[in-house]
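The values are calculated or read from the model by the stated rules, or taken from the named source; none is laboratory data. Every value quoted in this text rests on a predicted model; they were computed, and no experiment measured them. When we count neighbours, we look across all protein chains shown, and the Cβ atoms used for this are built from the backbone with ideal geometry, even at glycine. Heads up: the accessible areas ignore ligands, DNA and RNA and are worked out on the full protein's heavy atoms, side chains in. Shrake-Rupley method; radii C 1.70, N 1.55, O 1.52, S 1.80 Å.
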Amino acid sequence: MPFLLGGVPIALLIWVVAMSVGIVFGLALAWMRVYGGKIPYWFATGYVEFFRGTPVIVQMFFIYFGLPSLGISFSPFVAATIAIALDTSAYQAEYFRGSIQAVSKGQLIAARAQGMTALQAFMNIVLPQALRLVLPQWSNEAIIELKFTSIAYTIGVAEITERAYKVGYETYEFFAIFLWAAVIYMVLTTVVSEALWLLEKRLAIPGLGVNVGRPEG
Amino acid sequence: MSEILTIDNLWKSYDSEQVLCGISMSLKKGETKVLVGPSGSGKSTLLRCVNRLTAPDGGLVKLAGVEVGEGNVNEIRRRIGFVFQDFNLFLHLTAIENVYVAPVKIKRESKPVARRKAMALLDRVGLADKADAYPAQLSGGQQQRVSIARALSMEPEVMLFDEPTSALDPELTQEVVKVMSDLADDGMTMLVVSHEMGFARDAADEVLFMEKGVIVECGPPEKIFGRPDNVRTKAFLRLISEA
């Protein structure tokens, strides 16, 4: 059990880094798809389609096993983190795009009419609302990616699943050990989803209720 | 009195439809002018061309002698308040935050100073007690009054109103009209698209009747509403007074 728990910080580190990169890349890609010109739009669309259209494990194998032939090599931990980060960026981009577009255009026009630049209007008016609107979907994505850290075991990162596999082979107690692994994932995902739910409630805009997509007026 | 807003030979078309056909008009400091006319006559487009929310195809707009163009558009917009038909308040901000967000973010005013000014503006539109309410918690009339306070927050030289009461129930219309009348009395320069005859009669120095992209007739409200020269003006006014 302690050996399994030793994998938790590793899994969490992959997850936190990947999700953080995903927020930054995802927002940038979403911005390109909503406001960008033709070239940024097609770049972002191509990125999203490519990473959503291929399994993350294939992406990871490509990075870990494929790239060294170009002279680029990473440790298993870094390769796994990059793969999951690039993959979640594509999904987050789509969620951010939807939530940016759900903020009524009139508010953006009103901000511009006051003399805000496009960037000021986006940062002060659109983004704060888009981030609130995206939370339910983003929570879902966060939980999916937390579980996806388990694929890192295939290239030998000593996270939870890898450790369970190893212990299982040594003791042949597969039933107990994978049950424990499942419990650990369950606890982690529950904590994350509860925390994000609380955040969502806390940030809800009074009068609009939680999860309201697009209010009237 | 000096001309503060000059519109000279403004043209605009959408696709093949000509919306503005060489509109010229001007506003002196402290004047209020009301634009009336059937829908599709180009009134809203004219307002949007003034602060370049819509770029005109030809002609020019000057604010206090300075030509409005792509280069100075943000600078000019800060000096022109705009009130929308459907309020467009920022939904994630309280009433008072809606009013002070622009001075804080654009003019870099300190929050306490901006907040104090915003409170004074909310008081002016009769909503000091709703400072901490969110837009979704306010009635339409209250939202529109907050949006007027928001438009005033940048201390504009001219205020543009684009059908500010069209989205409101009749009983809520009056509270907005009152705020606008007070503003006109206080010497604000205003260009208003509205069919509120009461407001036009009380507050307008001039009423302009617009149709198919041209100003058909203009004059003091008592003349336009009392004995208009143009047959189309007559027909239109009969229509809206029956409504």
Legend entry - Pick from the stretch A:137-147, criterion under 23 Å from A:Leu179 (Cβ atoms) and surrounded by fewer than 21 Cβ atoms within 10 Å (Cβ to Cβ), ranking: farthest from the other protein chains (Cβ to nearest Cβ): A:Lys147
Inset, instruction - Determine the pairs where a residue that is open to solvent by 80 Å² or more (accessible area, probe 1.4 Å), located within the stretch A:25-38, has a partner that is assigned to a helix (DSSP H, G or I) and modelled with pLDDT of 95 or more with Cβ atoms under 7 Å apart, the partner being 6 or more residues away or on another chain. - result: A:Phe25/A:Ser89
Legend entry - Selected residue (criterion: farthest from the chain's Cα centre (by Cα)) from residues of the stretch B:110-141 that are within 14 Å of another protein chain (Cβ to nearest Cβ) and closer than 15 Å to B:Leu152 by Cα: B:Ala114
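Considering A:Thr81, A:Thr45, which residue is touching a residue at least 60 places away in the same chain (Cβ under 8 Å) and not in a loop (DSSP other than H, G, I, E, B)?
Working: A:Thr45 fails: touching a residue at least 60 places away in the same chain (Cβ under 8 Å).
So the residue among A:Thr81, A:Thr45 that is touching a residue at least 60 places away in the same chain (Cβ under 8 Å) and not in a loop (DSSP other than H, G, I, E, B) is A:Thr81.
Just checking, which of A:Ala158, A:Ala111 is among the small types (Gly, Ala, Ser) and either facing chain B (nearest Cβ under 7 Å) or open to solvent by 10 Å² or more (accessible area, probe 1.4 Å) (or both)?
Every option except A:Ala158 fails the conditions.
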Inset, instruction - Among the residues of the stretch B:98-109, write down those that are facing chain A (nearest Cβ under 10 Å), assigned to a helix (DSSP H, G or I) and not β-branched (Val, Ile, Thr). - result: B:Asn98, B:Ala102, B:Pro103, B:Lys105
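Filter the stretch B:54-87 for residues that are more than 10 Å from chain A (Cβ to nearest Cβ) and charged (D, E, K, R); which is least open to solvent (accessible area, probe 1.4 Å)?
Ranking the candidates gives B:Lys62 first.
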Inset, instruction - May I ask you to list the residues in the stretch B:142-200 that are farther than 20 Å from B:Leu27 by Cα, small (Gly, Ala, Ser) and within 14 Å of chain A (Cβ to nearest Cβ)? - result: B:Ser147, B:Ala149, B:Ser153, B:Ser166, B:Ala167
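Here is a check on your reading of the model: is B:Gly22 out of contact with any Leu (no Cβ under 6 Å at 6 or more places or on another chain), over 30 Å from B:Ser139 (Cβ atoms) and assigned to a loop (DSSP other than H, G, I, E, B)? Show your work before the answer.
Numbers: out of contact with any Leu (no Cβ under 6 Å at 6 or more places or on another chain): yes; over 30 Å from B:Ser139 (Cβ atoms): yes; assigned to a loop (DSSP other than H, G, I, E, B): no.
So B:Gly22 does not fit the description; no.
Is there a residue being within 30 Å of B:Glu70 (Cβ to Cβ) and in contact with a Ser or Thr (Cβ under 9 Å, 6 or more places away or on another chain) anywhere in the stretch A:120-130? Before you say what the answer is, go through the steps one by one.
From the stretch A:120-130, those within 30 Å of B:Glu70 (Cβ to Cβ) are A:120-130; that's our starting set.
Those still in the list that are in contact with a Ser or Thr (Cβ under 9 Å, 6 or more places away or on another chain) too: A:129-130.
Yes, the stretch A:120-130 contains at least one residue that is within 30 Å of B:Glu70 (Cβ to Cβ) and in contact with a Ser or Thr (Cβ under 9 Å, 6 or more places away or on another chain).
Go through the stretch B:40-53 and count every residue that is open to solvent by 40 Å² or more (accessible area, probe 1.4 Å), within 14 Å of B:Ile7 (Cα to Cα) and in a loop (DSSP other than H, G, I, E, B). Show your work before the answer.
Taking the stretch B:40-53 and keeping what is open to solvent by 40 Å² or more (accessible area, probe 1.4 Å), we get B:40, B:48, B:52-53.
Restricting the remaining residues to those that are within 14 Å of B:Ile7 (Cα to Cα) gives B:48, B:52.
Applying the additional criterion that residues be in a loop (DSSP other than H, G, I, E, B) yields B:52.
Final tally of qualifying residues: 1.
Going by what's in this entry, would A:Val134 be described as at negative phi and open to solvent by 10 Å² or more (accessible area, probe 1.4 Å)? Spell out how you get there, then give the answer.
Working: at negative phi: yes; open to solvent by 10 Å² or more (accessible area, probe 1.4 Å): no.
Spelling it out, it is not the case that A:Val134 is at negative phi and open to solvent by 10 Å² or more (accessible area, probe 1.4 Å).
State all residues of the stretch B:221-243 that are part of a loop (DSSP other than H, G, I, E, B) and surrounded by 13 or more Cβ atoms within 10 Å (Cβ to Cβ); if no residue qualifies, say none. It would help to see each step written out before you state the result.
If we filter the stretch B:221-243 for residues that are part of a loop (DSSP other than H, G, I, E, B), which is where we start, we get B:227-230, B:243.
Of everything in the stretch B:221-243, those that are part of a loop (DSSP other than H, G, I, E, B) and surrounded by 13 or more Cβ atoms within 10 Å (Cβ to Cβ) turn out to be B:Pro228, B:Asn230.
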Inset, instruction - May I ask you to list the residues in the stretch B:1-19 that are assigned to a strand (DSSP E or B) and either of a type in the set (S, T, N, Q) or at positive phi (or both)? - result: B:Thr6, B:Asn9, B:Ser13, B:Gln18
Inset, instruction - Please enumerate the residues belonging to the stretch A:6-24 that are more than 17 Å from the chain's Cα centre (by Cα) and exposed (fewer than 15 other Cβ atoms within 10 Å of the Cβ). - result: A:Gly6, A:Pro9
Legend entry - Per-region count, the stretch A:114-131, residues under 23 Å from the mean Cα position of the chain (by Cα), more than 7 Å from every other protein chain (Cβ to nearest Cβ) and open to solvent by 10 Å² or more (accessible area, probe 1.4 Å): 4
Inset, instruction - Mind counting the residues in the stretch B:88-97 that are within 13 Å of chain A (Cβ to nearest Cβ) and in a helix (DSSP H, G or I)? - result: 2
Legend entry - Complete set of residues in the stretch B:156-181 that are open to solvent by 40 Å² or more (accessible area, probe 1.4 Å), within 20 Å of B:Ala120 (Cα to Cα) and touching a residue at least 24 places away in the same chain (Cβ under 8 Å): B:Glu157, B:Glu175
Inset, instruction - Sort out which residues of the stretch B:88-99 are under 20 Å from B:Phe161 (Cα atoms) and either among the polar types (S, T, N, Q) or open to solvent by 20 Å² or more (accessible area, probe 1.4 Å) (or both), and write them in order of number. - result: B:Asn88, B:Asn98
Inset, instruction - Return only the number of the condition from (1) modelled with pLDDT under 90; (2) crowded, with 22+ Cβ neighbours inside 10 Å that B:Val146 does not satisfy. - result: (1)
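With the structure loaded, tell me whether A:Gln92 is open to solvent by less than 40 Å² (accessible area, probe 1.4 Å), of a type in the set (S, T, N, Q) and assigned to a helix (DSSP H, G or I) or whether it fails that test.
Criteria met by A:Gln92.
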